[in-house]
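The values are calculated or read from the model by the stated rules, or taken from the named source; none is laboratory data. Since the model is a prediction, treat every value here as computed from it, not as a measurement. Note: ideal-geometry Cβ built from the backbone for every residue, glycine included; neighbour counts use all protein chains shown. Heavy atoms of the whole protein, side chains included, go into the accessibility calculation; ligands, DNA and RNA do not. Shrake-Rupley method; radii C 1.70, N 1.55, O 1.52, S 1.80 Å.
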Amino acid sequence: MYVTNSHSGQTRILLVDDNDLVRAALRRVLEPDFEVVGEARDGRDAVACCQKQQPDVVLLDISLPDASGFRVIEEILGCCPHTRTIFVSAHATEDYVNEAFRLGACGYVAKTNVSRELITAINVVVAGCSIRR
């Protein structure tokens with residue numbers, strides 16, 4: 001788990017993905033427009049980091065080594081109900097997308113669309129809307 005403690009006034013984001021390269025790529029796409037306040041590679045660390053940092057947005061993968069992202073979103077929303085969650089996943093079937101929204105996700109972006117759509121998705125959910133990409 002990686003955590004920072006600065007408060008820049010930007011939208012604060014927590015990255016949750018078990019792949020170091022994916023997290024690094026997400027960070028490159030997001031900075032400097034957003035403040036990445038932490039990174040987690042599994043569900044347990046994601047929940048702990050979310051509790052500590054209270055991010056505005058969590059970018060969450062579905063496939064994590066210790067838990068499904070579907071279970072993790074329930075824990076995150078239980079302890080941080082104002083945090084908005086966007087799934088960023090290679091699983092882009094309608095069943096996955098529907099389950100994500102049923103559990104409280106505000107957005108869903110396929111990993112194949114991240115470079116084109118992630119920043120827009122974050123801005124939309126921060127504004128209070130939901131988005132499927």
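I'm trying to understand the selection: among the residues of segment 59-89, which are open to solvent by less than 10 Å² (accessible area, probe 1.4 Å) and among the aromatic types (Phe, Trp, Tyr)?
Scanning segment 59-89 gives a single hit, PHE87.
Checking the condition over 22 Å from ALA127 (Cα atoms), among the basic types (Lys, Arg), open to solvent by 10 Å² or more (accessible area, probe 1.4 Å) and under 12 Å from the mean Cα position of the chain (by Cα), which residue from ARG23, ARG44, ARG28 passes?
Only one candidate passes the filter, namely ARG23.
With respect to ALA127, determine if the residue is under 23 Å from ARG28 (Cα atoms) and open to solvent by 40 Å² or more (accessible area, probe 1.4 Å).
yes
Restricting the first residue to segment 69-89 and requiring it to be under 19 Å from ASN19 (Cα atoms), which pairs with a second residue that is buried (at least 17 other Cβ atoms within 10 Å of the Cβ) and among the polar types (S, T, N, Q) meet a Cβ separation below 6 Å and a spacing of at least six or different chains?
As it stands, the answer is ILE73/THR85, since those pairs meet every condition given.
Does VAL125 satisfy the condition of being in contact with a Ser or Thr (Cβ under 6 Å, 6 or more places away or on another chain) and within 14 Å of ILE13 (Cβ to Cβ)?
no
If you check every pair at least six apart or on different chains, which have Cβ atoms under 6 Å apart with a residue in segment 29-41 that is under 14 Å from VAL88 (Cβ atoms) and touching a residue at least 60 places away in the same chain (Cβ under 8 Å) first and a residue that is surrounded by 15 or more Cβ atoms within 10 Å (Cβ to Cβ) and polar (S, T, N, Q) second?
PHE34/GLN10; PHE34/THR11
For segment 12-40, which positions are at pLDDT 95 or above and assigned to a loop (DSSP other than H, G, I, E, B)?
ASP17, ASP18, ASN19, PHE34
Quick one: would you say ASP45 is part of a loop (DSSP other than H, G, I, E, B) and among the charged types (D, E, K, R)?
no
For segment 48-58, does any single residue satisfy the condition of being touching a residue at least 60 places away in the same chain (Cβ under 8 Å), surrounded by 15 or more Cβ atoms within 10 Å (Cβ to Cβ) and either over 25 Å from ALA127 (Cβ atoms) or of a type in the set (D, E, K, R) (or both)?
Taking every residue of segment 48-58 in turn, at least one turns out to be touching a residue at least 60 places away in the same chain (Cβ under 8 Å), surrounded by 15 or more Cβ atoms within 10 Å (Cβ to Cβ) and either over 25 Å from ALA127 (Cβ atoms) or of a type in the set (D, E, K, R) (or both).
Out of the residues in segment 97-118 that are modelled with pLDDT under 95 and open to solvent by 50 Å² or more (accessible area, probe 1.4 Å), state the one that is nearest to VAL72 (Cα to Cα).
Residue satisfying both the conditions and the ranking: LYS111.
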